Amino acid sequence: MLQMKKPDGNLLFNVLTVEMICAVCKEAGKFDCKHVNKLPPWKTSERQDLVKTLMANDAAMFQREQLGIVTSSDTAAFDGAAIDRFSLSRSTITGCTIEGNDVYVAYDPCGGGASAAAIVMGFVDTVTRQFVICGANAKQLSSDGAQENFIKSNIQELRALPAMGNTRIIGIIESNFGGNVGASRIGNILSEFTPVRIMTGDSTNQKRAGVITTDVVKERCVLFCHVCRREESSV
């Protein structure tokens with residue numbers, strides 16, 4: 001909310017920022033700053049020491065309450081810096097051997113509002129046994145047409161990559177929000193880029209498209225990704 005802007009580009013609110021840390025220490029992540037020693041009139045040194053002691057085990061809350069720093073939630077699945085590095089990386093898939101000639105395309109539809117649709121594409125390298133991510137994207141979508149264009153543009157980029165022109169797409173579509181009907185619609189869009197198979201989590205004989213992801217499944221996926229990151233960094 002502190003950064004929200006009006007249509008004319010000006011801030012929505014008049015913001016007054018008071019931080020008990022200098023710019024140099026803040027950039028370096030040194031939150032025990034000795035350079036700012038003048039407290040605002042509503043704070044006392046005794047209360048500062050009390051708050052520091054009470055929040056010694058909660059770094060984010062200490063930064064907010066003691067230093068006046070605006071912090072985001074610390075419940076994110078992945079470190080923000082790691083995501084930035086991944087987004088800026090330009091790894092090549094040249095020379096990779098695709099196991100089973102399959103490329104996995106996972107798609108998470110947007111649930112409306114500020115949420116975004118996300119797509120991740122990757123394959124298993126037969127030689128290194130690593131899962132290689134060859135595409136990832138996210139975008140807020142407001143219509144079925146926008147969703148179709150988003151999916152098609154990403155799959156077209158996938159097909160244009162080396163050795164990806166004839167690979168079989170294994171579509172993994174989350175059906176938590178739109179149900180099997182929504183997943184079937186997305187599966188139909190993917191079917192234009194044959195050969196395609198759509199994964200099903202339906203335990204009935206209907207084998208409808210779509211996979212429901214539970215909290216347990218998501219936590220296991222996040223844990224698996226963190227394990228892969230640690231193994232890669234140790235090589």
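Values quoted throughout were computed directly from the atomic coordinates according to the rules given, and no laboratory measurement underlies them. Computed from a prediction, not measured in an experiment: that's the story for all the values here. Don't worry about glycine lacking a Cβ; one is built from the backbone with ideal geometry, like all the others, and counts go over all protein chains shown.
How about the stretch 147-215: which trypsin sites (Lys or Arg not before Pro) there are in a DSSP loop, with at most 12 other Cβ atoms within 10 Å of their Cβ?
Answer by residue number: LYS207.
Given a Förster distance of 30 Å, report the FRET efficiency between SER153 and ALA81 from their Cβ-Cβ distance, rounded to the nearest 0.05.
With R0 = 30 Å, the Cβ-Cβ based efficiency is 0.60.
Local charge sum around THR213 (other residues, Cβ-Cβ under 15 Å, Lys/Arg +1, Asp/Glu -1)?
Surrounding charge for THR213 is -3.
Which cross-chain or sequence-distant (5 or more) residues have an amide H under 5 Å from the amide H of ILE173, H modelled 1.01 Å from N in plane?
Residues meeting the criterion, in which the H sits 1.01 Å from N, are TYR107, MET199, GLY210, VAL211.
Using modelled amide H (1.01 Å from N, peptide plane; none on Pro or chain starts), what sits under 5 Å from the amide H of GLY135, excluding residues fewer than 5 places away?
Placed amide hydrogens put MET121 under 5 Å from GLY135.
When a footprinting reagent is the concern and you count Cβ atoms within 10 Å, what order do CYS22, CYS33, CYS134 take, fewest first?
Placing the least packed residue first, the sequence is CYS22, CYS33, CYS134.
How would HIS226, HIS35 line up from fewest to most surrounding beta-carbon atoms within 10 angstrom?
HIS35, HIS226
Based on the Cβ-Cβ distance of THR213 and HIS35, what FRET efficiency does E = 1/(1 + (r/R0)^6) give at R0 = 41 Å, to the nearest 0.05?
0.30
Modelled label-to-label distance, ALA160 and SER191, 7 Å Cα→beta-carbon offset: nm?
Each label point is offset 7 Å from its Cα along the Cβ direction, giving 2.7 nm.
Taking H placed 1.01 Å from N in the peptide plane, check which residues at least 5 places from THR126 or on another chain put their amide H under 5 Å from its amide H.
THR97, ILE98, GLU99
Go through the stretch 14-23 residue by residue and turn each phi into a ³J(HN,Hα) via Karplus (6.51, -1.76, 1.60, θ = phi - 60°); whole Hz please, and just put x for glycine and proline.
In residue order, the calculated couplings are 7, 10, 10, 9, 10, 10, 8, 7, 7, 5 Hz.
Listing PHE193, PHE150, PHE13 from the residue with the fewest other Cβ atoms within 10 Å to the one with the most, what is the order?
Final ranking by Cβ density, sparse to dense: PHE13, PHE193, PHE150.
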